[in-house]
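Accompanying notes for the structure given below.
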Amino acid sequence: MPDTTLTGYFTQRHNISTRNEINVDTVSINDSTSITNNQNNDESTVIDDNNEVNKINLQSTNKNSIDINNTSATATQYGIYDVENDSTTINKNQLTESKLPDYPKANFNSNESSMNITEKLERALSNIAPFLRDIFIEFSHILTKTLVGSYGQELLPNGLHALKPTASVVELVMLLCSQEWQNSLQKHAGLAFIELVNEGRLLSHASKDHVVKVANEADFILNRMRADDIRKASEFEQLSAQTTVERKSEEQLCEHFITAARQRHQVIALRLQEKFLMMMINDKTIYLNSSRLFWKLDPWEDDLRRRRRLIRNPNGSIHNEATQKSSFNGINDDLIISFIQEENLLKQLKQQKIQNFNQTITDDDEILQVDEKDLDQDFSGPIRFSTECSLICGINIIRGTLAMTHNAMLFDADEYDGSYIKIDSKMFPYIDNIHGKWHFNEIRAIFSRRYLLQDKALEIFVSNRTSVMFAFIDRSIVKKSCKLFTSSWCWWSRTSLASAKQLFRSANMTQRWQRREISNFEYLMYLNTIAGRTYQDLNQYPVFPWIIADYESEKLDLNSPSTYRDLSKPIGALNPTRKSFFIERYNNWESDTIPPFHYGTHYSTAAFTLGWLIRLEPFTTFYLNLQEGKFDHANRLFHSIPLSWQNCQRDSSDVKELIPEFFSLPEMLTNCNHYKLGRTEDGIKVDDVILPKWAQTSEDFIRMNRTALESEFVSCHLHHWIDFIFGYKQRGSEAVRAVDVFYYLAYESAVNLDSITNPTDRTAIETQIRNFGQAPAQLLTELHPPINSAMNLTPMMYNVTPEDVSMIMKFSSNAPIIHVSANTNPTLSIQAIITISNKHDFSINKYHPNTSTPTQTYPESSQTSIHQQTQLPLSMDSILVSNINLNRRNLGDNFDERIQQRHQSFVVTADNRYIISTGYWDKSFRVQNTDIAKITQVLYGHFDIVTCVCRSEVTIAGNCFLATGSRDCTVCIWIWNGTKGAIVDREYPNQEINPSPAAILTGHDREITCLWISAELGIVLSGSEQSLVLQHTLNGDILRSFENPSKISTPRLLSPSNDGDIIVCYDRSKLCLYTLNGKLMRQAIFEDETIQCMVLNADSQYTVIGGDRGFVQIIRTHDLQPVYAYPQCDASIRSLAITHDQK
């Protein structure tokens, strides 16, 4: 074969080989990175495009054909370049030197012409042959399959082994230039190229899909990350804003509480300053009723929830601007003018004293700050819970915030609230707890209450015998607040969210009332309490029935049924004519939106309550606020009890019932503050309430009304009235038959205020609820059981029977008995009568109740049989009977001989386990165990000898107050812990430290001669030589002085009752009867007698007195008239005691 032919053939094969190599290389590269996710979807596309690919191949072949006869081509002129689907042949001159492989150039010498063609060929191809071998070996697997095909495999049965490095270059050239190789290439090149194109397209589609998928996934991830970033940024902004708002709210709340605490502490400081000032002035006469003009009702409640204490009102006035001019008629009241002048003088004196007192103070603000710091220590700690609520006080609604710390509850009014700003400034002195605080250990009970017929209020009863009422936003807040109260903070208090019906069914008060264990008054007050009636909301004030129907007789006969009102009918149906009118109204009612009713007004509203109590503050100020600052016309004011009863019988708009004060508070009927209430159309001056003819004083009326309430006739019919107010006749068909249906907004669950979204409509409904009154919660839906029939009671102790004196006990010491204590309650483990003699010996004599034996003399003798002792009311102390270890019954010999020991020198605890004795020379008083006469405590609190001691009534746990009087003119209050059997410190009751007095009472200027203390009433009475009887609170605040019948009289004995009657014995035998609020009612003198002791019976109707003549007499408490006298004894009566069964 000629050289030119071989050269052209090689060039053509080289170009084709190069193109195929580049294509195959591209396929190989694409194959190495291909993704076959969408390969099945792309195969159809490749097959459909075969024709197009064939056309492209033909065009590409024609464009790249090379003339093999071109002799100008040389073996050294070739290059490597990329081949595209639609590209033409690339000029080799366009390729730079840098892109060509760096192989040594052929070196031709001079003897080249002598070489044969084979040698020349080997020499010419020697440099390129390794490169070709590397290419073929590298791509042998592809060339074998694609280009060579089956024919090439036959041609090279052993594959491309001929291309191994040892093979001759000529063999390689021969292979490439052979016709078989060219035929194989021509036969398989097109198919191989098409396959490469299809694979390329598949790879490109797969790569594209992969890239798109990856891009979409990347975009999705980026979008999600961007959305997360936006969400996190938004959450962060919201959290930041919420945190900012919470921090701001907390700061405002803290600032609010700090400001409120400062106000509270300032009020406390001013009260203490005034108290200390009065102590320094020490003028007892300014506390007399005649020297003070203004008084107000104290919210203190006794055990029966009666409020009877009057306290001084420093903010009082006669409300001269509130008098109706048309009713006053220009009449001057000289008494009022004189009182005003005296009040001004007193204020000037007080102001002068205050100025003198303040001169010793360098900086009041610094003292207040110190006080605040000290007081804040009690309430330190984070706020665990706070919520918005409203304080309900009378007719006032104070919005504010209720917060709880770890040991206290605080309420602070929102002084920037619109309703707060609108409150008249005259109302604020009578609104308690605007900035209130209560320790959790002061809370005694919590009950659910309704406000505006919605169950969203709580009434909290605290240890100072008052209560406070809060209305919350909804019921859920009530439950949450109550749950916090029932935690460990208030585990000792009673907390109940039970309904009124549940409370009624779970208690045994009805059974106790049926068994006559409690009074009618106590039972009615109990029903009012569990039915939601409260002193804090005047729209839900406790309701009591009219009892007496006879207000015209000169003398009231409580044994006649005609004296009493018919309790089987509601107040509106007592008059038959008026009853017919109400029935006709109900039957002819035509409204479609308002249900029919008998009565358009209620038996208890805020206006009615304020009308009854108009003569007492704070109700006077509340009344004026309700009446736009003016008293109503005198004819419409409550000024006559008989007239009020007549109006309830004939006026179609007057169906009101009574309130508890008609049975407990005579001061409500007297104009003690001297208000100018005007004159009626008849010219009658409205002053004190006009009483029935059978009542001489307001105290007589209250006593008779209470007696009628507890009468047998009322007891047997009271359950009918209960059915109307609290029972099954309150609503429904039974109420229709009983003519006892009121306006529909008076009943619970009549409307849901939360469902009313229109503020105007809601305000209108609330106003109607307030004006029409609110019925109590219904307690039972069946008949209320009647009281049990009267049982055969033990004859009265003053009846003349042979058993007046059932036992006489004499002691071998023959010393006068100066103290007798009878703690015989059946619940005690030891029922005993403890006696103390003048020689300081004592005995514990066991009491045997329900014994009735003839009079016997029981001397101290060891020969008396046990059988004989059990037949008597008392069993003498076994130690005294055996006459062994008598030192176990002696109080010692450290008493001051200058002190005359008497009844009030000793006190026995309620469990008979300890004796507290006074009169020791070291100015102490001591606690001794009655079992072995061991001294358990020696206490010091006075600067002189202790002269008297007394104790209050005890709690269930046996705790009580003790009061000690001394020659140092002071009275100390102590706290007795029945569980520990010791006096404990008020601030640290659980620590074993020397206790300090809970309070020190001042005001006396001489030796204390008599004492009496009551935890129920919260008062302490004390008398001193040739001076007055003073009344203090348990906290040490002086309330009043009692009028002394003569300036030089000495009060020696005090015998008050829980009903408020106080008997004071002056000098030898002058008895004076006072009311709880210091009004002198009666005086009685028992000639030729020196009264040594006196005691009241359980119901306080009778008083037993004993004296030096040896007589024991029974007198009526309310008029001090003698009723009965026991046979005269042969010695002076030095001490008296009454057992629980009135013996």
Kindly flag which residue pairs out of Lys579/Lys676; Lys810/Lys923; Lys839/Lys980; Lys630/Lys1047; Lys275/Lys934; Lys685/Lys1079 have an alpha-carbon separation exceeding 31 Å in this structure. Lys579/Lys676; Lys810/Lys923; Lys630/Lys1047; Lys275/Lys934
Label-point separation in nm, Lys426 to Gln1128, each point 7 Å along Cα→Cβ: 6.4 nm
Whole-Hz ³J(HN,Hα) from phi, Karplus 6.51 cos²θ - 1.76 cosθ + 1.60, for segment 617-629, glycine and proline x: 7, x, 5, 5, 5, 4, 5, 5, 5, 6, 9, 6, x
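Compute the length gained on full extension between Thr955 and Arg737: take 0.36 nm times their separation in residues and subtract their Cα-Cα distance, giving the result in nm to one decimal. Numbers along the way, then the final one.
Working: separation 218, 0.36 × 218 = 78.48 nm, distance 4.64 nm.
Fully extending the segment from Thr955 to Arg737 adds 73.8 nm.
Taking segment 955-989, which chymotrypsin sites (Phe, Trp or Tyr not before Pro) meet the DSSP loop condition and have no more than 16 other C-beta atoms within 10 Å? List each step's numbers first, then the result.
Details: sites: Phe961, Trp974, Trp976; in loops: none.
Counting only loop positions with at most 16 other Cβ atoms within 10 Å, none of the chymotrypsin sites (Phe, Trp or Tyr not before Pro) in segment 955-989 qualifies.
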Segment 388-403 - phi-based ³J(HN,Hα) in whole Hz, Karplus 6.51/-1.76/1.60, Gly and Pro as x: 7, 7, 10, 7, 9, 9, x, 9, 9, 10, 10, 7, x, 10, 9, 10
Point-to-point label distance, Asp1119-Ser652, nm (Cα→Cβ direction, 7 Å offset): 4.5 nm
With each pseudo-label sitting 7 Å past Cα toward Cβ, what's the Gln511-Ile268 distance in nm, one decimal? 4.5 nm
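Write out the GluC sites (Glu not before Pro) in segment 722-784 meeting two conditions: DSSP loop, and at most 15 other Cβ atoms within 10 Å of their Cβ. It would help to have the intermediate numbers written out before the result.
Working: sites: Glu734, Glu748, Glu766, Glu782; in loops: Glu748, Glu782.
The qualifying sites are Glu782.
Please work out how much length the chain gains when fully extended from Gln768 to His406, using 0.36 nm per residue of separation minus the C-alpha to C-alpha distance, in nm with one decimal. Write out the running numbers ahead of the final one.
Details: separation 362, 0.36 × 362 = 130.32 nm, distance 4.08 nm.
Full extension from Gln768 to His406 adds 126.2 nm.
What Kirkwood hydrodynamic radius, in Å, does segment 538-772 give when the mean of 1/r is taken over all pairs of distinct Cα atoms and then inverted?
Numbers: mean 1/r = 0.0519 Å⁻¹.
Over segment 538-772, the inverse of the mean reciprocal pair distance is 19.3 Å.
Applying a 10 Å radius around every beta-carbon, put 596-606, 211-221, 924-934 in order of their mean neighbour count, most first.
On the way: 596-606: 21.1, 211-221: 10.7, 924-934: 17.9.
In decreasing order of mean packing, 596-606, 211-221, 924-934 become 596-606, 924-934, 211-221.
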Under 5 Å from the placed amide H of Ala1125, counting only residues 5+ away or on other chains, we find Ile1114
Extension length gain for Lys934 and Glu1087 (0.36 nm per residue less Cα distance), in nm, is 50.8 nm
Order of 553-560, 1086-1093 by packing, highest average Cβ count within 10 Å first? 1086-1093, 553-560
Calculate one ³J(HN,Hα) per residue across segment 698-711 by plugging θ = phi - 60° into the Karplus curve 6.51 cos²θ - 1.76 cosθ + 1.60, and present them in order as whole Hz with x for glycine and proline. 4, 5, 5, 5, 4, 5, 5, 5, 5, 5, 5, 4, 8, 6
Under the rule of at least 5 residues apart or a separate chain, name every residue whose amide H is placed under 5 Å from the amide H of Tyr1102. Asn1097, Thr1117
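Just in segment 955-1064: which GluC sites (Glu not before Pro) are loop by DSSP and have at most 11 other Cβ atoms within 10 Å?
When the GluC sites (Glu not before Pro) of segment 955-1064 are filtered for loop state and at most 11 Cβ neighbours within 10 Å, Glu987, Glu992 remain.
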Going by amide H atoms built from the backbone, whose H comes under 5 Å of the H on Gln937, apart from near neighbours? Val927
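We did not get these values from a lab; they are worked out from the coordinates using the rules stated. Just so it is clear, the model here is predicted, and its values are computed rather than measured. Virtual Cβ from ideal backbone geometry, glycine too; neighbours counted across all protein chains shown.
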